[in-house]
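A short worksheet on the structure shown next.
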């Protein structure tokens, strides 16, 4: 993995807001290197948006597997306890499985096609309206 640095992505608000994710470190978990970033704009860790990337190389065939996840929690103050709680959390996850014989251009194409598919009408309608295709 490249060195862990901050990154910024805009949301889909009418006036887009940049969400800056700061590195929180890399740990080895069950043979996978797992990097975590958090949006530190939220005052309490409970409600921080989080990005996670894990990397592992399968020893048997040399395949590389990257897993990426973005977590967007929504918090509210519980009227009974007065404590902040997560009331819901939206998550997106993607897995890239890359064979050792794959070319750099093929990996670039996979990443770019996925990114472009996610902003195409078919995907945005399904995701934004929480409905399947028919």
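So, in the range 92-103, of the ones that are in contact with a strand residue (DSSP E or B) (Cβ under 7 Å, 6 or more places away or on another chain) and surrounded by 11 or more Cβ atoms within 10 Å (Cβ to Cβ), which residue ends up nearest to residue 44 (Cα to Cα)?
Top of the filtered list is 92.
When the range 27-48 is filtered for residues that are more than 18 Å from residue 93 (Cα to Cα) and either touching a helix residue (DSSP H, G or I) at 6+ places or on another chain (Cβ under 9 Å) or surrounded by 16 or more Cβ atoms within 10 Å (Cβ to Cβ) (or both), only 47 remains.
Picking from residues in the range 49-77 that are more than 21 Å from the chain's Cα centre (by Cα) and over 26 Å from residue 19 (Cα atoms), the one that is surrounded by the most Cβ atoms within 10 Å (Cβ to Cβ) is 63.
Every number in this text was worked out from the coordinates using simple rules, so none of it is lab data. In this text, all values refer to a predicted model and were calculated from it rather than measured experimentally. We place every Cβ from the backbone using ideal geometry, glycine too, and count neighbours over all the protein chains shown.
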